[in-house]
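K.L.:
For reference, the structure I am asking about is given below.
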Amino acid sequence: MSRVVVVGAGMAGLACAARLAVKGHEVTVLEQAPTWGGKLGWYSRDGFSFDTGPSLLTLPAVYRDTFLKTGASLESCVDLEPVDPVCHYRFADGTEVDVPDCDRRGVGRAFDEAFGAGAGDDWLRFLAHAGRIWQATRGPFLTSTLDGPLDLLRQSGRVRDLRTIAPWRSLDAMGRRHLRDPRLRQFLWRYATYTGSDPRKAPAALAVVPYVEQAFGAYYVSGGLRRLGEALYERCLERGVRFRFDTDVAEVVVKGGRAVGVRLADEELVPADHVVCNADAAEVYGRLVPGKSGDPGRARLRKATPSLAGFVLLLALDGRTPDLRHHTVLFPKDYAAEFDSIFGRHPQPVDDPTVYIAAPDDPALRPDDNTESWFVLINAPRHDPDSAKRGRGVDWREPGLAESYADRVLEVMAARGLDVRDRIRWREIRTPADLEHDTRAPGGSIYGTSSNGARSAFLRAANRSPVPGLYLASGSSHPGGGLPLVGLSAELVADLIGRA
């Protein structure tokens, strides 16, 4: 079988390596960081531990398939726990609602109780339409490689499907067609951020995100989501995958128009029959692929809008919070202003942001039963170190900015009913600049490119690069970011190499 080099040990890199190794390929994973996981990060201090990336697993069938096809079931490796309620939401007018897990009628009742009679039926009708979009797109889009806009047409082949998908309609426009209560539309908008996007520009097809969450359930991994990555890393070792950490790849070597390996920063050449890049597509085409070989990939990325980034607080808290849910979302009065601040002509930190809190009730994450570990996420503009020179953008390394913005976030939380300032034992701040440094995600963009625009899906990097022998499996390549989609990206690339 062939020699495969995987650049990057993020979740897509691990999943692809395991799938290729079980087929008999000789697989080597090269990772610039000292450990595996990529954006599935972890931080521990003084007995407090935090997932610093995803806090929820949806569509677990993707990883069930990965683990079964590489040796043993997912449930034999990790403990999956349903998260119920999936999330607690607080709105600016004081309305609160718990969204049940995997219970659509229960969700309808919760919305009726919170927003008034009829809201639940509106949501259920919306979700039914979202289910039809899921059926229309799952095969031709999510589980198939796409190299251009005509691919979806060829694979779908039915005008009815196009009317269902409505690629010309935004998620916001679809919400306005189905959801009368503005708080329900605000709830829907949140799901655009799952792809780092602006709901006013993201396609209506993103309606599948809440559909998947409510149809197939939301799960936590006991001990933290990091355990999922650890189990996948161990599966790779069992299948003979070789890992080299603290190993910086400087270039994809192209000879005769084909990728033939990689050159490391110390000039070592690592030959390969196939190269898989589990890295941001902008990093691949901007730094790793030489000369004109990557021009088609660069041209596609230049037309795309980068995804939003994130500002993170890790809070080690004394005491316990009554009735604290696994996830809590605190909405602002003006949600649209948040996206204007991030995607507008003059990006700036959001003054009155949505606050996302992940606080699993997991003894493995805290030193004792009278403490809590909170991961607090704020949507943020990307890091731009040249912002002062260009007169716009945010340099997150500007002295004092991170600390002052952390104070602002805590003020916002207090104003919305969660004042924890007198309970903080310590806090750790992570800015978009830190994510860029740790994972080489340009600007700290969480998902590479956003889904802003009707053609956004086709501006995302294809799994098969313009360079024969070079493939992309990551959150910035097709079909997108998030744990389920990067698992699908890995499967698509493993299948492409298997057919090469």
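The values are calculated or read from the model by the stated rules, or taken from the named source; none is laboratory data. Quantities reported herein were computed from a predicted structural model and do not represent experimental measurements. Neighbour counts run over all protein chains shown; Cβ positions are idealised from the backbone, glycine included. What goes into the accessible areas is simple: the full protein's heavy atoms, side chains included, and nothing from ligands, DNA or RNA. Shrake-Rupley method; radii C 1.70, N 1.55, O 1.52, S 1.80 Å.
K.L.:
Can you run the Rg to Rh ratio on segment 366-500? Use alpha carbon positions and the Kirkwood inverse-distance Rh.
P.N.:
That ratio equals 1.08.
K.L.:
I would also like to ask the following. For the chain, what does -39500 (n - 2.57) per DSSP helix run (n ≥ 4), summed and divided by total residues, give at 222 nm, in deg cm²/dmol to the nearest 500?
P.N.:
So the helix-based figure for the chain works out to -10000 deg cm²/dmol.
K.L.:
What distance in nm lies between label points placed 7 Å from Cα along the C-beta direction at I429 and A415?
P.N.:
1.9 nm
K.L.:
So for segment 168-316, considering every pair of alpha-carbon atoms, how many percent are separated by more than 28 Å?
P.N.:
Distances greater than 28 Å cover 48 percent of the Cα pairs.
K.L.:
Roughly how many Å² is the accessible area per residue of the chain, as a whole number, for a 1.4 Å probe?
P.N.:
40 Å²
K.L.:
Determine, from the Cβ-Cβ distance of D84 and K255 and an R0 of 51 Å, the FRET efficiency 1/(1 + (r/R0)^6), rounded to the nearest 0.05.
P.N.:
After rounding, the FRET efficiency stands at 0.40.
K.L.:
Divide, for the chain, the radius of gyration over alpha carbons by 2.2 N^0.38 Å, where N is the residue count.
P.N.:
That ratio works out to 0.94.
K.L.:
Among residues other than C102 whose Cβ falls under 15 Å from its Cβ, what is the net charge (Lys/Arg +1, Asp/Glu -1)?
P.N.:
My count for the surroundings of C102 gives -3.
K.L.:
How far, in nm, would the chain grow between D103 and D334 when pulled straight, counting 0.36 nm per residue and subtracting the alpha carbon separation?
P.N.:
Residue separation times 0.36 nm, minus the Cα-Cα distance, leaves 80.2 nm.
K.L.:
So how tilted is helix 119-137 from the main axis of the chain? Cα-based, degrees 0 to 90, rounded to 10.
P.N.:
Around 10 degrees separate the two axes.
K.L.:
So if each residue of separation counts as 0.36 nm, and I subtract the Cα-Cα distance between D407 and K303, what length gain in nm does that give?
P.N.:
Between D407 and K303, full extension yields 33.8 nm more.
K.L.:
Sorted by average packing, counted as other Cβ atoms within 10 angstrom per residue and highest first, what order do 385-395, 39-49, 14-24 take?
P.N.:
The most tightly packed comes first, giving 14-24, 39-49, 385-395.
K.L.:
Follow-up question, since we're still on this one. Return the carbon/sulfur percentage of the accessible area of the chain, one whole number, probe 1.4 Å, all protein chains in place.
P.N.:
Its accessible area is 48 percent carbon and sulfur atoms.
K.L.:
If every alpha-carbon in segment 260-331 counts as one equal scatterer, what log10 I(q)/I(0) does Debye give at q = 0.18, 0.28 1/Å?
P.N.:
-0.85, -1.39
K.L.:
Lysine pairs, Cα distance under 18 Å, 8 or more residues apart or cross-chain: how many in the chain?
P.N.:
4
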